[in-house]
Amino acid sequence: MAFDRQFDLGLIWRLALILALGALTLLAFLEGGGAATRILLVAASIGVVADLWHHLRRTNLAVARFVEAIRFEDFSQRFTLGRGTGFEALGKALDNAIVELGAKRAQAAEDARFLSAVVDDAPSALLTIDEDDRVTLLNKAARRQFIDHPGIRVADFAAYGAEFVAALGLPPSGRRLTQLIKDGVAQRVMIETARIERLGSNLRIVSILPVQNVLGAAEMAAQSGLVRVLTHEIMNSLTPVTSLVRSAADILATAGQDPKALAEARQAVEIAASRAECMHRFVETYRSFARLPEIRRRRFAAEPLAAEIARLCAADPVTSKIALDVSIPAEFSLDADPDLMAQVCLNLIRNAATAARNHAAEPRVGLALQPSGDGGARIEIYDNGPGIDPDRREDIFLPFYTTRPDGTGVGLSFARQIVVAHGGTISAGASPIGGASIIAII
C-alpha cells in the first residue's frame, strides 16, 4: 500500500536525521565546539524528535478515532490527515471504511426493521418459550389473542384451557391440532413449534393459527359429500326393498291358501330381508369408519416397519404373488404412529396389488419411503396397473367411493383420515412404472 511505503520512508529519514544530529551534537561537545553550534544542534535534535513523535501520534490518533467511531456507531466521522508521508492515503482508507460500515449498518437496520414488521404483522400468533418456561409474545396477533392471563409462564396460560397449555409444553414435533378456549368458547388452532438458539440459550418458537373457520367449512363440505354418498347408497337399497315389501303385501292380501302365491311372497320377503341386512352392514361400516383412531406418535426406524409390511404382504393371498419393490434410505426414521401407518401402507399395497394383478402380465407394486422437503416423511405406494383418471384423483378419497364391484370405498378414505390426523397430506398421481401412485406427506 502507498501509505505503508510513504510512512516507512518518513519514519526512516526521521530516524536517520535523529541519529545524524545526535552524532554531530556529541562530536560538538567532545571537541569543544562553540556554544552556539551546540545549542543549534541540540535544538535541531529536539525538533526532529518532536516531529517523529507527531508523525507516530497522528497515526495512533486516527486509528483511535476510527475505533471510537465504530464503538459508538458514529459513521459521520471523517479522517482528513493532511498531505505527505502517506497520511492522505490513510485518511482516505479510513474514510472509505467508515462510509462502507455505515452503509452496511444502515442496510442491516433496514433489514431488521423489515423483518420486525413481517413478524409483527404476521397473521399467525408468534411467541417464544425459553428454558425456564417464560413466554414472550412476539407480534400483534399474539398480543391480541392472549390478553386474558396474568403472568408470563406457560402455566399462566391456563385461562385458555388445559389442552392448550399441554400443547405449549410439548417438544417440537411438527404440527398439532389442539383446542384453545377464548371468551368461554372453544376453538381449534394449529400449533407448530421449532427450536432456535439465541445468545447461547435454547428457545422454542411457537406459531398458533386459528383454523376453526377453515375446518368448519371443510367439515361442512365433507358432510355434504358423505350425505350425498349415503343418500345414494341407502336409496339404492331402499327402493328395491320398498318395492319387494309392497309386492309381498299385495300377494298376501289376495293369495289366500294358494301355495304358489305364498312362495312368491316368501321369496319377496327373503330378498327384502337380504337387502335390509346389506343396509345394516353398510351402516355398521360407516359407524366404524366415523370413529377416528387415537394417534400415538413416536419416532421409529423405517426399515423394521418396511420389513414387517413385506412379511405381511408375503402372507396375504392378495399380495403374496406380486413383486414388491421397497426403497428406503439408510438410517431413515419417521415421526408417526407405527401401527396406523403400517395399516395405511398395507391397505394401499392391497389396492395397488389388485389393480396391477388385473391389468399387467407381470404385476409390480412399490413402497418408497424418503425424507420430504419440509423435514417430514414422504411415503409412496405405486403400481403398474391401469392408473387413475386425472378427473377421479380427488374422488377416490371420498368415503364409500369405489370403482371395483367388490370394493367398499373405505380403504383410501381411511388412509386419508389417518394421514390428515398426522397433520399431513395425501394425493393420487401417475406411477413411475406406468400405473397409479399414492403419495402421503407426514
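The values are calculated or read from the model by the stated rules, or taken from the named source; none is laboratory data. This is a predicted model, so every value here is computed, not measured. Neighbour counts run over all protein chains shown; Cβ positions are idealised from the backbone, glycine included. Keep in mind that these areas ignore ligands, DNA and RNA; they rest on the heavy atoms of the full protein, side chains included. Shrake-Rupley method; radii C 1.70, N 1.55, O 1.52, S 1.80 Å.
Couple of notes before you dig in:
- When His359 is tested against (1) surrounded by fewer than 18 Cβ atoms within 10 Å (Cβ to Cβ); (2) within 27 Å of the chain's Cα centre (by Cα); (3) not basic (Lys, Arg), just one condition goes unmet, and that condition is (2).
- Just one of the numbered conditions (1) more than 19 Å from Val420 (Cβ to Cβ); (2) surrounded by 13 or more Cβ atoms within 10 Å (Cβ to Cβ); (3) more than 13 Å from the chain's Cα centre (by Cα) is not true of Gly200: (2).
- Hits in the stretch 117-131 - residues which are open to solvent by 70 Å² or more (accessible area, probe 1.4 Å), free of Cβ contacts under 8 Å to residues at least 40 places away in the same chain and out of contact with any Lys or Arg (no Cβ under 8 Å at 6 or more places or on another chain): Val118
- Selection of first residues in the stretch 98-114 that are farther than 12 Å from Phe75 by Cβ and open to solvent by 100 Å² or more (accessible area, probe 1.4 Å) and of second residues that are modelled with pLDDT under 85 and not hydrophobic (A, V, I, L, M, F, W, C), restricted to Cβ pairs under 8 Å at least 6 apart or on distinct chains, gives an empty result.
- Residue within the stretch 283-291 that is at pLDDT below 70, open to solvent by 80 Å² or more (accessible area, probe 1.4 Å) and assigned to a helix (DSSP H, G or I) present: yes
- Qualifying residue in the stretch 382-390 (condition: over 17 Å from Gly434 (Cα atoms) and open to solvent by less than 70 Å² (accessible area, probe 1.4 Å)): no
- Looking across the stretch 74-97 at every residue that is open to solvent by 30 Å² or more (accessible area, probe 1.4 Å) and on the phi > 0 side of the Ramachandran plot, the one that is modelled with the highest pLDDT is identified as Gly82.
- Test: residue in the stretch 221-244 that is open to solvent by 80 Å² or more (accessible area, probe 1.4 Å) and either modelled with pLDDT of 75 or more or closer than 30 Å to Ile181 by Cβ (or both): yes
This table checks each residue for (1) modelled with pLDDT of 85 or more; (2) surrounded by 17 or more Cβ atoms within 10 Å (Cβ to Cβ); (3) under 30 Å from Leu170 (Cβ atoms).
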{"position": "Cys278", "(1), (2), (3)": "no, no, no"}
{"position": "Leu305", "(1), (2), (3)": "yes, yes, yes"}
{"position": "Ala314", "(1), (2), (3)": "no, no, no"}
{"position": "Asp335", "(1), (2), (3)": "yes, no, yes"}
{"position": "Met341", "(1), (2), (3)": "yes, yes, yes"}
{"position": "Asn351", "(1), (2), (3)": "yes, yes, no"}
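- Summed over the stretch 424-442, the residues that are at pLDDT 85 or above and touching a His at 6+ places or on another chain (Cβ under 9 Å) give a count of 2.
- Filtering the stretch 316-333 to residues that are surrounded by 15 or more Cβ atoms within 10 Å (Cβ to Cβ), more than 30 Å from the chain's Cα centre (by Cα) and more than 19 Å from Phe414 (Cβ to Cβ) leaves Ile322, Leu324.
- Test: residue in the stretch 61-73 that is open to solvent by 50 Å² or more (accessible area, probe 1.4 Å), at pLDDT 70 or above and more than 60 Å from the chain's Cα centre (by Cα): no
- Residue selected from the stretch 173-190 under the condition in contact with a helix residue (DSSP H, G or I) (Cβ under 6 Å, 6 or more places away or on another chain) and either open to solvent by less than 40 Å² (accessible area, probe 1.4 Å) or over 14 Å from Asp148 (Cα atoms) (or both), by the criterion modelled with the lowest pLDDT: Arg176
- Verdict on Pro123 being at pLDDT below 85 and not aliphatic (A, V, I, L, M): no
- Filter pass, Arg299 being surrounded by fewer than 11 Cβ atoms within 10 Å (Cβ to Cβ) and in a strand (DSSP E or B): yes
- Residues of the stretch 132-145 classified as touching a helix residue (DSSP H, G or I) at 6+ places or on another chain (Cβ under 7 Å), more than 16 Å from Leu115 (Cα to Cα) and either open to solvent by less than 30 Å² (accessible area, probe 1.4 Å) or of a type in the set (Ser, Thr, Tyr) (or both), total: 1
- Leu56 vs. criteria open to solvent by less than 80 Å² (accessible area, probe 1.4 Å) and modelled with pLDDT of 75 or more: no
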